[in-house]
Amino acid sequence: MHSIKKNIKVKSLTENLGKIRTFLFGVAEEAGFDKKKIEEIVLAADEACTNIIKHAYEFDPTKDIEISAVFENKKLTITIKDTGKKFKPQSLEPPDLEAKLKKRKSGGLGVHLIKTLMDKVEYDFSNPGFTILKLVKKL
Amino acid sequence: MEGFNAKIREADGVVILSLGGTLDAHTTGELEKVFEELISQGKYKIVVDFAELNYISSAGLGVFMAYVETMRENGGDIKFAALKENVFNVFDLLGFPVLYEFFDSVEKAADRFGEK
């Protein structure tokens, strides 16, 4: 059975977003996803990590973002762990985009994209020390 | 990783802003500087040429959201041209085509300013 398990740990810096995208591009390509799905996976993870850098860690560059990617049973599961502020997305419901565009507020767009691009999105805030975000994409 | 670049040229009172590379949360600051500079020069009619832009995240879209009203309040606009499919998809998923104009070429986008 074709399975993959890889991890990466980076400091909470926007300059590391490229490293995160390259890592997930490699995993998704190896898993056999098509070009469109690879782009969706990479963008969803970028949005999730951007939110962590901005909102959970508030641009503290000493903090870590840990990402694991597991591909098995034709399913890629990306787990992203941070130890920052519990950043609860206001809601996982689609935001009123027209109102946001008119008010020039971009907050929440990332979460909306993540939800749209992935097959399953789960935030686990149950542990006091860290937050786990799980993103699933089916082959 | 590839970087980001922005080039400006002007044609018939319209600024053509050509973007290249990757526009994510790391590179948005560079684009913000360009828009600040354009506004300080009183230039409000902008066509963004996306032909060489390979990647965009919502952080990049946030820049356009932040500046478009200023352009419109001053008789201009930000129009979007020549987007690659993957880049357009991000705008589309976030509902931008309702409030912004997209064109398949820079020329068509620039001509639109002349029609008004």
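The values are calculated or read from the model by the stated rules, or taken from the named source; none is laboratory data. All of these numbers come straight from a predicted model, not from anything done at the bench. Every residue, glycine as well, gets a Cβ built from its backbone with ideal geometry; the counts of neighbours run over all protein chains shown.
A few points about this structure:
- Residues located in the range B:10-33, provided they are closer than 30 Å to A:GLU58 by Cα and buried (at least 20 other Cβ atoms within 10 Å of the Cβ): B:LEU19, B:THR22, B:LEU23, B:ASP24, B:ALA25, B:HIS26, B:THR27, B:THR28, B:LEU31
- Residue in the range B:56-63 that is in contact (Cβ under 8 Å) with a residue 24 or more places away in the chain and either among the acidic types (Asp, Glu) or more than 11 Å from chain A (Cβ to nearest Cβ) (or both) present: no
- In the range B:81-92, the residue that is nearest to B:ALA11 (Cα to Cα) out of those that are surrounded by fewer than 22 Cβ atoms within 10 Å (Cβ to Cβ), out of contact with any Leu (no Cβ under 8 Å at 6 or more places or on another chain) and touching a residue at least 12 places away in the same chain (Cβ under 8 Å) is B:PHE88.
- Picking from residues in the range A:12-25 that are free of Cβ contacts under 8 Å to residues at least 12 places away in the same chain and out of contact with any strand residue (DSSP E or B) (no Cβ under 8 Å at 6 or more places or on another chain), the one that is nearest to A:LYS137 (Cα to Cα) is A:THR22.
- Among residues of the range B:11-33 that are modelled with pLDDT of 95 or more, those with a beta-carbon under 9 Å from a residue that is assigned to a strand (DSSP E or B) and among the hydroxyl-bearing types (Ser, Thr, Tyr) at least six positions away or on a different chain give the pairs B:GLY21/B:TYR55; B:THR22/B:TYR55; B:LEU23/B:TYR55; B:ASP24/B:TYR55.
- Given (1) crowded, with 17+ Cβ neighbours inside 10 Å; (2) more than 14 Å from chain B (Cβ to nearest Cβ); (3) modelled with pLDDT under 95, index of the condition A:LYS63 fails: (3)
- Scanning the range A:26-42 for residues that are in contact with a strand residue (DSSP E or B) (Cβ under 8 Å, 6 or more places away or on another chain) and either of a type in the set (D, E, K, R) or within 10 Å of another protein chain (Cβ to nearest Cβ) (or both) gives A:GLU30, A:LYS37, A:GLU40.
- Test: B:LEU53 is in a loop (DSSP other than H, G, I, E, B) and hydrophobic (A, V, I, L, M, F, W, C): no
- B:TYR100 meets the stated requirement of being among the hydroxyl-bearing types (Ser, Thr, Tyr), assigned to a loop (DSSP other than H, G, I, E, B), surrounded by 15 or more Cβ atoms within 10 Å (Cβ to Cβ) and out of contact with any Asp or Glu (no Cβ under 7 Å at 6 or more places or on another chain).
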